[in-house]
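The values are calculated or read from the model by the stated rules, or taken from the named source; none is laboratory data. Bear in mind the structure is a predicted one, so any value in this text is a computation, not a measurement. Here the Cβ positions follow ideal geometry from the backbone for every residue, glycine too, while neighbour counts run over all protein chains shown. The area values use the complete protein model at the heavy-atom level, side chains included, leaving out ligands, DNA and RNA. Shrake-Rupley method; radii C 1.70, N 1.55, O 1.52, S 1.80 Å.
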Amino acid sequence: MKDTLKHRGMRNNLAEIVAAKGVTDKKVLEAIKTIPRHLFLDSGFEDHAYQDKAFPIGADQTISQPYTVAFQTELLEVKPNAKILEIGTGSGYQTAVLLHLRAKVYTIERQLELFKTTRLFFNKMHYRPKKMIFGDGYKGLPEEAPFDGIIVTAGAPEVPRALMSQLKVGGRLVIPVGVDEQIMTLFVRKSEKEFEKKEFGSFRFVPLLEDKN
């Protein structure tokens, strides 16, 4: 599959839809315009790539809705060279958005089949996360902590304590919390002991599962 002018036009359109829903961060919108989302899906589903919808990608997982990706990324407030931990690599689309923002990305995927295909895809596309790990995102990545930001791309029944502890002071954790429906939640670490919490309406994600591979 190639990336054509037609695809670029569709991406510009998609960025306008995402902006109309309230995303204002220019760098995030630029990432939506730039990243060839159709390459992250099977070629048979190319037509669906630039609709603002989630889509199944195998292993009972989905590629998140572009608006959701943009919204979560905006909440993260990514600065160049920021150290970001992503829980749930999935198709790699969210990873690509973070890399476009020049973050140093550490990403964890618990589905082996997905981990393998996405790793091959990253190599082919020259996407270079700092680390791509097959493992349990609930535990985070203590050996690389602390992080400037942590983004969770699956619904968590509660907030994993390990992730809270791996944030820098001033760092941001963006996580959808809930069982059937999730509330998008932002935690900002104010000090060793203190976190500020904000909630941003409901979303639907596949579940974040503990100790399951």
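Which of these, 30, 46, 143, has the largest mean-square fluctuation under a Gaussian network model of the chain (Cα springs below 10 Å)?
143
By how many degrees, 0 to 90 and rounded to 10, does the Cα axis of helix 66-76 deviate from the longest principal axis of the chain?
Computed tilt is about 40 degrees.
What are the equivalent ellipsoid semi-axes of segment 97-213, built from the alpha-carbon gyration tensor (square roots of five times its eigenvalues), in whole angstrom, biggest first? Let's see the in-between values first.
On the way: eigenvalues 109, 63, 37 Å².
Square roots of five times the eigenvalues give 23, 18, 14 Å.
With the Cα gyration tensor of segment 1-62 giving a ≥ b ≥ c as the square roots of its eigenvalues, does the rule (a/c under 1.5 for rounded; else a/b larger than b/c for prolate; else oblate) give rounded, prolate or oblate?
Numbers: a/c = 2.19, a/b = 1.38, b/c = 1.58.
Oblate is the answer for segment 1-62, as a/c is 1.5 or above yet b/c matches or exceeds a/b.
Which of the trypsin sites (Lys or Arg not before Pro) found in segment 51-121 are in a DSSP loop and have at most 16 neighbouring Cβ atoms, other than their own, within 10 Å? Display every interim value, and only then the final one.
Working: sites: 53, 83, 102, 104, 110, 116, 119; in loops: 53, 102, 110.
Those satisfying the criteria are 53, 102.
Quick one: which residues, 5+ away or cross-chain, put their amide H under 5 Å from the amide H of residue 133? H built at 1.01 Å from N.
Amide H neighbours of residue 133: 107, 108, 109.
Determine the sum of side-chain charges near residue 89: Lys and Arg each +1, Asp and Glu each -1, restricted to other residues whose C-beta is under 10 angstrom from that of residue 89. Please list the in-between numbers first.
Working: positive: 110, 119; negative: 86, 109.
After counting each charged neighbour, the total is 0.
Using only Cα atoms, find the angle between the long axis of helix 112-125 and the longest principal axis of the chain, and express it within 0 to 90 degrees, rounded to the nearest 10.
That works out to roughly 60 degrees.
Which value, in Å², gives the accessible area per residue of segment 83-151 when a 1.4 Å probe is used on the protein heavy atoms?
Numbers: 2880 Å² over 69 residues.
Accessible surface, normalised per residue, equals 42 Å².
Percent antiparallel among DSSP beta bridges with both residues in the chain, to the nearest 5? Display every interim value, and only then the final one.
Numbers: 16 of 35 bridges.
Here the share of antiparallel DSSP bridges comes out near 45 percent.
Net charge around residue 65, counting only other residues with Cβ within less than 12 Å of its Cβ (Lys, Arg = +1; Asp, Glu = -1)? Walk me through the numbers on the way to the answer.
On the way: positive: 21, 37, 53, 204; negative: 52.
My count for the surroundings of residue 65 gives +3.
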